[in-house]
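Below is one structure, written out as structure tokens, with a few remarks after it.
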Amino acid sequence: MKKVMLKTTLSLAVAMASSHLFASGFALNEQSVSGMGTGFAGRSSSADDASTVFGNPAGMARLEGQQVTGGVAAIDASTDISNVSGRSAGSNKGDMVPFTAVPFGFYTNKLNDQWAVGFGVYAPFGLVTDYESGFQGRGFGSKSEVKVITLQPTVSYAFNDRVSVGFGPTINRIAGTLESDLTLNPRAPDTNIKIKGDDTALGFNIGVLVQATDTTRVGLTYHSKVSYKLDGHTEVTAPTATSPFLRSNRYDASLKIDTPESYDLSVTQDLTDAWKLYAGATWTRWSRLKDITVKNEGVSGATGGALAPGLVSTIKEDQNWHDTWAYAVGTSYQLTKQVVLRTGLTFDQSPTNNTDRSPRIPTGDRTIFSLGLGYQVMDNMTIDLAYSYLKEEDVKVSRSNQLASYNAKYENSANGFGLGMTYKF
């Protein structure tokens with residue numbers, strides 16, 4: 001019994017993924033509203049505002065004076081769960097992703113013709129999933145909340161008016177709370193298992209921007225991997241062997257995980273004075289996530305019941321994620337001096353596979369359609385709006401262990417909304 005319970009804590013740890021974010025795996029794309037409008041097709045080559053600190057730090061060389069760009073992107077997701085079977089009983093509403101907002105902010109300052117500096121605060125990875133009480137697949141995951149916040153001081157250097165480079169170290173803070181519920185006895189309350197942990201780690205972003213011709217600009221950005229060791233605890237709340245009252249055991253826990261590196265290549269082409277065309281491709285090394293290992297050792301708090309103190313356990317579960325490609329095309333049209341219209345189409349692969357996919361990670365390949373609008377309120381202030389619609393291919397989930405099994409078909413979709421502002425001074 002002890003072994004089964006602790007294996008379930010491992011399923012919680014691998015929940016660092018969400019089917020309703022606008023990038024594959026558990027990555028977030030929402031660091032720019034102007035970029036969101038073109039489906040992020042020109043993210044490493046456009047350098048339209050201070051969000052280039054993330055998109056391509058070399059792009060700061062193109063921005064004049066000082067600029068501040070800030071905003072928020074909101075995600076409204078929905079899931080239809082059907083064709084359900086399994087040994088457990090329960091509901092399958094599918095409303096497991098609350099309305100979620102992702103804020104960001106950037107600052108740039110062009111010091112002279114060669115040097116520029118900047119700073120960014122943004123969320124490169126994250127998720128929130130929360131199934132209803134009594135969800136049929138709760139033994140394989142009931143609730144997840146993982147947040148990564150990044151601080152990025154940045155510098156860029158322009159060799160000439162054609163070529164610039166940029167670099168920014170990243171300070172990354174990760175924190176997570178992950179839960180599942182096991183039905184050990186149909187006549188007793190479920191056993192709740194909760195993992196909490198956090199860590200801070202370093203990485204970096206580097207980019208190059210080339211004005212290949214008077215009308216063609218090419219950008220390449222590398223976002224490094226970041227290696228975390230989350231320290232925290234695993235708390236197991238269960239009925240005791242002799243009474244229905246719940247008692248809790250707490251184990252020290254640690255988990256090592258890498259967020260993957262990625263390469264983003266894009267092209268911005270001026271077709272006319274009004275029309276611009278964008279195209280981009282992003283490769284992400286999700287194959288780093290071969291497995292997840294959680295180490296639980298020690299115990300504090302109440303003891304007794306089915307769980308004994310002093311348990312030390314290392315458990316491994318395969319994930320076998322694969323590397324992914326995302327492709328995007330987009331365009332913008334300068335309708336008037338004050339108004340620019342944008343649109344984009346994105347195709348994004350999922351890193352999961354049919355064998356290891358779980359209710360925590362019910363993702364499939366996705367198609368995203370985007371619209372955007374920029375409005376110059378005054379000479380030094382622009383407001384950006386964006387909307388995206390995401391539709392995933394249908395995927396199957398099939399999980400089982402000694403206590404339960406769960407099989408279902410997931411149909412995921414989401415609406416994304418973005419509001420941003422750029423101020424120049």
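The values are calculated or read from the model by the stated rules, or taken from the named source; none is laboratory data. Fair warning: this is a prediction, and the values are worked out from it, not measured in the lab. Neighbour counts run over all protein chains shown; Cβ positions are idealised from the backbone, glycine included.
Here are a few things to note about the model shown:
- Within the stretch 191-221, if we keep just the residues that are more than 18 Å from LEU255 (Cα to Cα), in contact with a Leu (Cβ under 9 Å, 6 or more places away or on another chain) and buried (at least 21 other Cβ atoms within 10 Å of the Cβ), the residue that is modelled with the lowest pLDDT turns out to be THR191.
- Lone qualifier among VAL299, VAL294 - being out of contact with any helix residue (DSSP H, G or I) (no Cβ under 8 Å at 6 or more places or on another chain), modelled with pLDDT under 95, assigned to a strand (DSSP E or B) and buried (at least 17 other Cβ atoms within 10 Å of the Cβ): VAL299
- Test result for GLY134, buried (at least 18 other Cβ atoms within 10 Å of the Cβ), modelled with pLDDT under 95, on the phi > 0 side of the Ramachandran plot and not aromatic (Phe, Trp, Tyr): no
- Considered as a group, the residues in the stretch 239-261 that are of a type in the set (A, V, I, L, M) and under 27 Å from GLN319 (Cβ atoms) include one that is surrounded by the fewest Cβ atoms within 10 Å (Cβ to Cβ), and that residue is ILE257.
- Residue tally, condition over 30 Å from PHE425 (Cβ atoms), of a type outside the set (D, E, K, R) and within 24 Å of the chain's Cα centre (by Cα), over the stretch 64-91: 5
- Residue check, ASN56 surrounded by fewer than 24 Cβ atoms within 10 Å (Cβ to Cβ) and modelled with pLDDT of 85 or more: no
- The residue that is modelled with the highest pLDDT, among those in the stretch 74-112 that are part of a loop (DSSP other than H, G, I, E, B) and aliphatic (A, V, I, L, M), is LEU111.
- Remark: pairs (first residue in the stretch 397-423, of a type in the set (Asp, Glu); second residue surrounded by fewer than 16 Cβ atoms within 10 Å (Cβ to Cβ) and part of a strand (DSSP E or B); Cβ separation under 8 Å; 6+ apart in sequence or on different chains) = GLU411/ASP80; GLU411/SER82.
- Unique residue being closer than 11 Å to GLY39 by Cα and either free of Cβ contacts under 8 Å to residues at least 24 places away in the same chain or surrounded by 13 or more Cβ atoms within 10 Å (Cβ to Cβ) (or both) when the list is LEU345, LEU385: LEU345
- For the stretch 321-334, filtered to residues that are more than 22 Å from TYR389 (Cβ to Cβ) and of a type outside the set (D, E, K, R), the residue that is modelled with the highest pLDDT is GLN334.
- Checked against the criterion of being modelled with pLDDT of 90 or more, surrounded by 21 or more Cβ atoms within 10 Å (Cβ to Cβ), of a type outside the set (Lys, Arg) and part of a loop (DSSP other than H, G, I, E, B), the stretch 150-173 contains not a single residue that satisfies it.
- Subset of the stretch 337-360 that is among the charged types (D, E, K, R) and in a loop (DSSP other than H, G, I, E, B) - its residue that is nearest to THR272 (Cα to Cα): LYS337
Conditions (1) crowded, with 17+ Cβ neighbours inside 10 Å; (2) more than 29 Å from GLU393 (Cβ to Cβ); (3) in contact with a Phe, Trp or Tyr (Cβ under 9 Å, 6 or more places away or on another chain), marked per residue:
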{"site": "LEU63", "(1), (2), (3)": "yes, yes, no"}
{"site": "VAL72", "(1), (2), (3)": "no, no, yes"}
{"site": "SER78", "(1), (2), (3)": "no, no, no"}
{"site": "ARG87", "(1), (2), (3)": "no, no, yes"}
{"site": "SER91", "(1), (2), (3)": "no, no, yes"}
{"site": "MET96", "(1), (2), (3)": "yes, no, yes"}
{"site": "PRO103", "(1), (2), (3)": "no, yes, yes"}
{"site": "PHE106", "(1), (2), (3)": "yes, yes, yes"}
{"site": "ALA116", "(1), (2), (3)": "yes, yes, yes"}
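- Failed condition for ALA274, given (1) modelled with pLDDT under 75; (2) surrounded by fewer than 16 Cβ atoms within 10 Å (Cβ to Cβ); (3) out of contact with any Ser or Thr (no Cβ under 6 Å at 6 or more places or on another chain); (4) not hydroxyl-bearing (Ser, Thr, Tyr): (1)
- Residue match in the stretch 329-337 (condition: farther than 14 Å from SER34 by Cα and basic (Lys, Arg)): yes
- Applying a threshold of 7 Å to beta carbon distances and a minimum spacing of six or more residues, or different chains, the list of pairs starting in the stretch 351-376 at a residue that is closer than 11 Å to VAL397 by Cβ and among the charged types (D, E, K, R) and ending at one that is modelled with pLDDT under 95 and assigned to a strand (DSSP E or B) reads ASP356/ASP318; ARG357/VAL395; ARG357/VAL397; ARG360/SER144.
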